[in-house]
1. What strands (runs of 3 or more DSSP E) completely inside the stretch 175-262 contain at least 3 residues that are touching a Lys or Arg at 6+ places or on another chain (Cβ under 7 Å) and closer than 25 Å to Arg356 by Cβ?
2. Determine, yes or no, whether Glu402 is touching a Lys or Arg at 6+ places or on another chain (Cβ under 7 Å), in contact (Cβ under 8 Å) with a residue 24 or more places away in the chain and closer than 23 Å to Lys151 by Cβ.
3. Just checking, how many residues over the stretch 411-430 are at pLDDT 95 or above, surrounded by fewer than 24 Cβ atoms within 10 Å (Cβ to Cβ) and part of a loop (DSSP other than H, G, I, E, B)?
4. Looking only at the stretch 356-379, count how many residues are among the hydrophobic types (A, V, I, L, M, F, W, C) and either buried (at least 22 other Cβ atoms within 10 Å of the Cβ) or without any contact (Cβ under 8 Å) to a residue 60 or more places away in the chain (or both).
5. Would you pick out the residues in the stretch 326-352 that are in contact with a helix residue (DSSP H, G or I) (Cβ under 7 Å, 6 or more places away or on another chain) and either part of a loop (DSSP other than H, G, I, E, B) or surrounded by fewer than 20 Cβ atoms within 10 Å (Cβ to Cβ) (or both)?
6. So which residues in the stretch 141-158 are in a strand (DSSP E or B) and under 22 Å from Thr481 (Cα atoms)?
7. Inspect all residues belonging to the stretch 399-408 and state whether any of them is surrounded by fewer than 22 Cβ atoms within 10 Å (Cβ to Cβ), in contact with a helix residue (DSSP H, G or I) (Cβ under 8 Å, 6 or more places away or on another chain) and either at pLDDT below 95 or of a type in the set (A, V, I, L, M) (or both).
8. Which number in (1) surrounded by fewer than 24 Cβ atoms within 10 Å (Cβ to Cβ); (2) farther than 29 Å from Ala143 by Cβ; (3) of a type outside the set (Phe, Trp, Tyr); (4) out of contact with any helix residue (DSSP H, G or I) (no Cβ under 7 Å at 6 or more places or on another chain) marks the one condition that Ala489 misses?
Amino acid sequence: MDERTPWQWLRRPLPLLRRLAVEASGRFRTARTWQVTTGSAAVGLAVAAVAVTAAGPWDSSGQRTAERHLAASREAGGGADHAGGAPGERAPGDAPSAPAVLAGLRAPARGGPGGKALADVLDPVLKDRALGPERAAVVVDVATGKRLYGKRADDALTPASTTKIATAVAALSAAGPDHRLTTSTVLQPDSREVVLVGGGDPTLTAREDGRYVEGYASLRDLADDTARALKKRGKDRVRLSYDDTRYTGPPRHPIGPNENITPVSALMADEGRLDDSTSGPAPRTEDPAGDATRKFADLLRARGVDVRADVGPAKASPRAAKLARTSSPALSVLVERMLTHSDNDIAEALARETARASGEPLSFAGGSRAIRDRLERLGLPLAGAEFADGSGLDREDRLTAELLAALLARAADRDHPELRSAVTGLPVAGFTGTLVNRYPKGSPGTGLVRAKTGTLTGVNTLAGTVVTADGRLLAFAFMTTGTTDPSGAQAALDAMASAAAACGCSA
């Protein structure tokens with residue numbers, strides 16, 4: 001048997017490094033047994049794998065079909081799969097939340113990670129030809145905040161969906177992890193007009209059952225309570241309107257009509273999806289507020305309320321009588337769902353909640369300014385950063401690898417528990433969200449890497465945390481633009497994260 005350690009294997013030529021990220025060879029399984037033994041002590045992940053669909057091609061908007069479809073094949077509730085599997089299938093056990101993931105902070109290994117050891121394993125992969133002409137990388141020791149590795153760390157590149165990490169941290173800082181989004185009904189004064197008032201919750205659901213129903217704001221529950229309130233007032237015949245004026249500015253994302261995002265509205269049901277999906281791409285309504293209100297009208301009729309056939313926009317009067325309300329889960333839960341599934345609708349809603357807490361207009365421009373303001377208040381390195389949206393779909397976004405790594409290190413800092421879901425919501429390599437099919441059984445990063453993916457045409461990014469072979473928690477950000485081989489670029493980025501996981505990097 002070859003007695004070399006796993007990190008020494010990673011110092012072999014580049015082709016082997018890439019195979020380590022995508023293959024499950026016999027040698028690799030030997031290394032992984034040892035690696036997972038160490039990792040389980042530091043991470044304690046207890047997740048069951050399920051079948052997933054394969055990654056698809058690229059669509060016309062430039063977003064990889066894989067990134068949009070993988071989440072739909074494994075829909076997890078936040079950072080762990082809490083929702084179970086197919087009918088008749090035993091659900092996998094819940095994965096531990098932040099305390100286990102951040103075990104490296106509480107039980108540091110002897111000594112600190114060494115930059116030279118990391119450079120020895122990361123430099124060869126960063127030279128992979130599959131990566132574009134512009135590439136940047138940063139690795140930070142979360143326990144000390146020390147940068148251990150950096151290549152073009154200050155270059156501002158297109159981040160794609162890793163922008164959502166910045167959105168998460170800004171929203172949690174501005175509104176707080178316990179903030180909830182409330183949808184309500186009111187009765188206009190001296191009238192029979194009921195107004196459905198949007199509170200900016202894209203996860204409001206009209207569905208009776210399925211994923212992301214229990215624990216989420218429900219139009220059905222709101223209809224129950226509204227019908228009871230109307231009957232108490234002796235009003236069994238009403239006109240129904242909607243108020244979506246919470247948001248300002250254009251509702252359409254600059255990318256235009258797209259299955260990745262619904263026109264942004266303060267009132268929508270099930271993210272404006274026209275199928276039964278809860279994540280990934282889907283046909284979208286062009287009138288999210290109107291469609292949600294029409295569904296609500298049908299629900300009221302089913303509860304004995306005579307609702308006029310036509311619905312339209314209105315502004316709820318400050319003197320309107322309150323009828324009923326339904327609230328979203330805590331913002332921390334929404335952050336986890338957003339990061340796990342790369343959910344663009346939630347991301348844009350959170351950007352607007354950041355704007356609201358910061359006194360900015362609830363629009364694309366206001367959200368972008370508010371995100372920057374909140375990150376500046378946290379003392380994060382913003383040189384070169386540009387925010388054009390909250391989701392990362394806009395190619396005008398610019399972030400540095402230094403900023404992404406700093407965001408993750410701050411979210412993992414025990415002194416900032418309010419930011420913790422920006423880490424616990426990250427997909428777990430090989431198990432959840434957009435990383436479910438990126439790290440097969442043979443990869444040393446499986447279960448030890450938690451990271452947000454970012455993918456547009458010619459853009460590949462990966463930013464997250466990893467527990468090393470000697471139990472240290474590191475934050476990393478790897479970015480590249482100008483790629484022409486998307487699968488090769490992904491494999492190289494995954495190999496870098498896997499190299500860090502397998503590295504015995506203590507100084």
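The values are calculated or read from the model by the stated rules, or taken from the named source; none is laboratory data. Since the model is a prediction, treat every value here as computed from it, not as a measurement. Here Cβ is always computed from backbone atoms with ideal geometry, including for glycine, and neighbour counts include all displayed protein chains.
1. In the stretch 175-262, 182-187 are the strands (runs of 3 or more DSSP E) which contain 3 or more residues that are touching a Lys or Arg at 6+ places or on another chain (Cβ under 7 Å) and closer than 25 Å to Arg356 by Cβ.
2. Values: touching a Lys or Arg at 6+ places or on another chain (Cβ under 7 Å): no; in contact (Cβ under 8 Å) with a residue 24 or more places away in the chain: yes; closer than 23 Å to Lys151 by Cβ: yes.
Here the answer is no, as Glu402 does not meet what is asked.
3. Final tally of qualifying residues: 1.
4. Initially, the stretch 356-379 is screened for residues among the hydrophobic types (A, V, I, L, M, F, W, C), giving 357, 362, 364-365, 370-371, 375, 378.
Now narrow it down to the ones that are either buried (at least 22 other Cβ atoms within 10 Å of the Cβ) or without any contact (Cβ under 8 Å) to a residue 60 or more places away in the chain (or both): 362, 364, 370-371, 375.
Within the stretch 356-379, residues that are among the hydrophobic types (A, V, I, L, M, F, W, C) and either buried (at least 22 other Cβ atoms within 10 Å of the Cβ) or without any contact (Cβ under 8 Å) to a residue 60 or more places away in the chain (or both) number 5.
5. Ser328, Ser342, Asp343
6. Within the stretch 141-158, the first condition is being in a strand (DSSP E or B), and the residues that meet it are 141, 147-151, 156-157.
The answer is Tyr149, Gly150, Lys151, Ala156, Leu157.
7. Taking the stretch 399-408 as the starting set, the residues that turn out to be surrounded by fewer than 22 Cβ atoms within 10 Å (Cβ to Cβ) are none.
No, that holds for no residue.
8. Every condition holds for Ala489 apart from (1).
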